[in-house]
Amino acid sequence: MKLSDHILKIAKMKKYFLAATFIGMTIMIISGCSKSDEVALRKGYTTLDRTLVPDPVPAVPTVKVDDPANYAKYGYGKWHFGPGLASQKRLDLMPASFNEAGTTNEASLLRFFTMTDIHLTDKESPAQGIVFAPFAGPNAISVYSPLMLYTTHFLDAAVQTINAINDKEPFDLGLSLGDMANSTQYNELRWFIDIMDGKTINPSSGSVKDPVPGPGNDYQDEYKATGLNRSIPWYAVTGNHDHFWMGSKVIDDKIRNVLLGGDILRLGMILNDRDAMSKSTYSVGFLDGSTLYGTITGSGVVADMGVIPTTAPDPRRHTLTVTEFMDEFSNTTSLPKGHGYDQSVTSNRFGKSYSFEPMSDLPIKIIMLDDTQADSDPMASDLIYGHGELNNGRFEWLMEQLKAGQDEGKLMIIATHVPIGVAQGTSMDWLPVDGCYTNEQDMISKLRAFPNLILMVAGHRHVNNITAFRSTDPAHPENSFWQVETKSLREFPQQFRTFDIVRNSDNSISIIAINVDPIMKEGSLAATGRTYALASAQVYGLIPILLPTGSESYNAELLKPLSPEMQAKIANLGKPLKK
């Protein structure tokens, strides 16, 4: 049975339903807007201005996921603009006596963006996981989707949108929250850095291929990336896909050797077999970059396949060690050097975690924390290396960083890949570390001990989610913090976030977190990637209600109380806001 037949059968069996509430509803369209609206780019629109609303499709898929040529014919991948989504004021952390009526936003302390989980994918790599998509349930879209053809184009569109927003209201910095590469390959990471730098991008690997003759008219053609505005320094933190195969398994000699050749990787059933990496039951497949729609090639049960095709080798597919991964960030033309991974800086000598102070005249500290699993870990019972943890000295380092920031009177932000306290009992929860913390709740209680910690930002789960970690001591409401997760740039609606840290009139803090849909011209390669991302999600049955009241976008103003000492320290600081 073909991959597409497997997936269609599973979708019908499980009766994945799209939100029926779409049908018959009248959706207000933004007046004067179109998908080619360049005004939106000039004005730097966010989801405050408009949202993306998918058009309804049948509850049971009528097209196969690997048949993008017929997506439009059956109505998949189509969407329209809906109304903007207001920012919800959240007072979860504030004391019961707080009176919001007397509090106003006074001054900007810090403005930044977060992007995460772009999973830039070498679609022609012989070490994919395509054959396992029918068995991966809700994670199938991460294993296979034709949107894999357009990941570099979509990142470039996101960077263009960031630049447009920056022209309207400048950013102080940007943060990449991990999973820049899909499977720890050199060429995938280089695409990320080179797109941020604005270099010429060749999105293909192996032999030269051109599905549509001529330049700039198909997903394989070279193009000049726009590059992030040089005024915006950007920093990175590591994700599980940046150092594990498919974000799930430790890189071994078998995978290293396959990546350097043309023979397709063969494995056992990785989802339930602890010895799968040593077996050769399944040929994982790759996407044929010489075809217009990236035909799945060489995917199936080895015993049923006869002669298995090969892909053209490419030395740029080689895997990266931790040191090699960090060193690549110094091969860049954008700032700062190393993007945080500069090992010549004394404070950055703790591997993939580091801290920095973005504003010399403001007491703010950002802690970039690698909380992904270590390669040396034994395989967990779920066979996945997607958990969070702080072993090998990382917990002690984090506590030292937080204590120093607290003692020095600095507001602190932790930027990391795996969020905390939101995925217990799954392959994305945190593993305990002997002598450090016994579980996630224990770790959260240790974080609450630092009242100057105002925010954690994370990716990994591919969702927009905001969690309030309230103080357990009514006398000290400042012993609390917010956690904001950012949606994946890979999966519809493929968003990033902007953050504004604002001082209020009572010297509390507001964290204003806004979702952004990258803006692109109709008919562009990035726009094709968006339609494929939406159609794939619809076929897999993964689209929840995407109305402004739904869960895919969430804008909020998050209030955070400060200790009397910090209130006094930040009084009169920051750039006054326009009234």
(request) Starting from the Kirkwood radius over alpha-carbon pairs of segment 32-164, derive D by Stokes-Einstein at 4 °C in a medium of 1.567 mPa s and give it in µm² s⁻¹. (result) 67 µm²/s
(request) With an 8 Å cut-off on Cα pairs and a minimum separation of 6 or more residues, tell me the relative contact order of segment 446-527 in percent. (result) 22 percent
(request) Starting from the eigenvalues of the Cα gyration tensor, five times each then square-rooted, give me the equivalent ellipsoid semi-axes of the chain, largest first, whole Å. (result) 38, 28, 23
(request) Order the peptides 204-216, 174-186 from the highest to the lowest mean number of other Cβ atoms within 10 Å of their residues. (result) 174-186, 204-216
(request) Consider just the alpha-carbon atoms of segment 83-221 and return their Rg together with their Dmax, both in angstrom. (result) 20.5, 68
(request) Using a 10 Å cut-off on Cβ atoms, rank the peptides 478-486, 239-247, 334-342, 498-506 from the highest mean neighbour count down. (result) 239-247, 478-486, 498-506, 334-342
(request) State the percentage of accessible surface on the chain attributable to carbon and sulfur atoms; use a 1.4 Å probe and exclude ligands, DNA and RNA. (result) 53 percent
(request) Could you work out, for segment 48-92, what percent of all Cα-Cα pairs fall into each 10 Å distance bin, beginning at 0 Å and stopping at the bin that holds the largest distance? (result) 24, 33, 23, 15, 5
(request) Note down the relative contact order for the chain as a percent, whole number, built from C-alpha pairs under 8 angstrom at least six residues apart. (result) 22 percent
(request) Could you state the orientation-averaged shadow area of the convex hull built on the Cα atoms of segment 154-229, in nm² to one decimal? (result) 5.8 nm²
(request) Divide by every residue of the chain the summed helix terms, -39500 (n - 2.57) for each DSSP H run of at least 4, and state the resulting mean residue ellipticity at 222 nm, rounded to the nearest 500 deg cm²/dmol. (result) -5500 deg cm²/dmol
(message) How large is the direction-averaged shadow of the alpha-carbon convex hull of segment 398-504, in nm²?
(response) 8.1 nm²
(message) About the Cα centre, and with charges only on the beta carbon of Lys, Arg (+1) and Asp, Glu (-1), how big is the dipole of segment 425-555? Nearest 20 debye, please.
(response) 320 debye
(message) Taking θ = phi - 60°, what integer Hz values does the Karplus form 6.51 cos²θ - 1.76 cosθ + 1.60 yield along segment 450-465, in sequence order, with x for Gly and Pro?
(response) 10, x, 7, 6, 9, 7, 10, 10, 8, x, 6, 8, 6, 9, 9, 8
(message) Show me, for segment 214-222, the HN-Hα J-couplings you get by feeding each phi into the Karplus relation (A = 6.51, B = -1.76, C = 1.60, θ = phi - 60°), rounded to Hz, glycine and proline as x.
(response) x, x, x, 10, 8, 5, 8, 6, 5
(message) Could you sort Ser445, Ser471, Ser488 by their accessible area in this structure, using a 1.4 Å probe and putting the largest first?
(response) Ser445, Ser471, Ser488
(message) Under 4 °C and 1.567 mPa s, how fast does segment 374-460 diffuse according to Stokes-Einstein, given a Kirkwood radius computed over C-alpha pairs? Answer in µm²/s, whole number.
(response) 94 µm²/s
(request) Heavy atoms only, probe 1.4 angstrom, no DNA, RNA or ligands counted: give me Lys521, Lys569 ranked by accessible area, highest first. (result) Lys521, Lys569
(message) Over all directions, how big on average is the projection of the convex hull of the alpha-carbon atoms in segment 215-355, in square nanometres?
(response) 11.6 nm²
(message) With an 8 Å Cα cut-off and a minimum separation of 6 or more residues, compute the relative contact order for segment 137-234 in percent.
(response) 33 percent
(request) Tell me which residues come under 5 Å, amide H to amide H, from Ala415 once H is placed; ignore anything under 5 positions away on its chain. (result) Ile367, Met368, Leu369, Val457
(request) Report Thr238's accessible area, 1.4 Å probe, all protein chains in place, as a number in Å² to the nearest 10. (result) 0 Å²
(request) With label points built 7 Å along Cα→Cβ from the Cα atoms of Lys575 and Ser231, find their separation and express it in nm. (result) 0.8 nm
(request) Enumerate the calculated ³J(HN,Hα) couplings along segment 86-99 in order (Karplus 6.51 cos²θ - 1.76 cosθ + 1.60, θ = phi - 60°), each rounded to whole Hz, writing x wherever the residue is Gly or Pro. (result) 5, 8, 8, 7, 10, 10, 3, 8, 7, x, 4, 7, 5, 10
(message) Can you give me the Rg/Rh ratio for segment 453-559, using Cα atoms for both radii and the Kirkwood formula for Rh?
(response) 1.08
(message) Exceeding 18 Å between C-alpha atoms, which entries from my cross-link table qualify? They are Lys352/Lys403; Lys365/Lys410; Lys123/Lys487.
(response) Lys352/Lys403; Lys123/Lys487
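The values are calculated or read from the model by the stated rules, or taken from the named source; none is laboratory data. All values reported here derive from a predicted model rather than from experimental measurement. For neighbour counting, all protein chains shown are included, and Cβ atoms are generated from backbone atoms with ideal geometry for every residue, glycine included. Ligands, DNA and RNA are stripped out before the accessible areas are found, and what is left, the full protein with its side chains, is counted by its heavy atoms. Shrake-Rupley method; radii C 1.70, N 1.55, O 1.52, S 1.80 Å.
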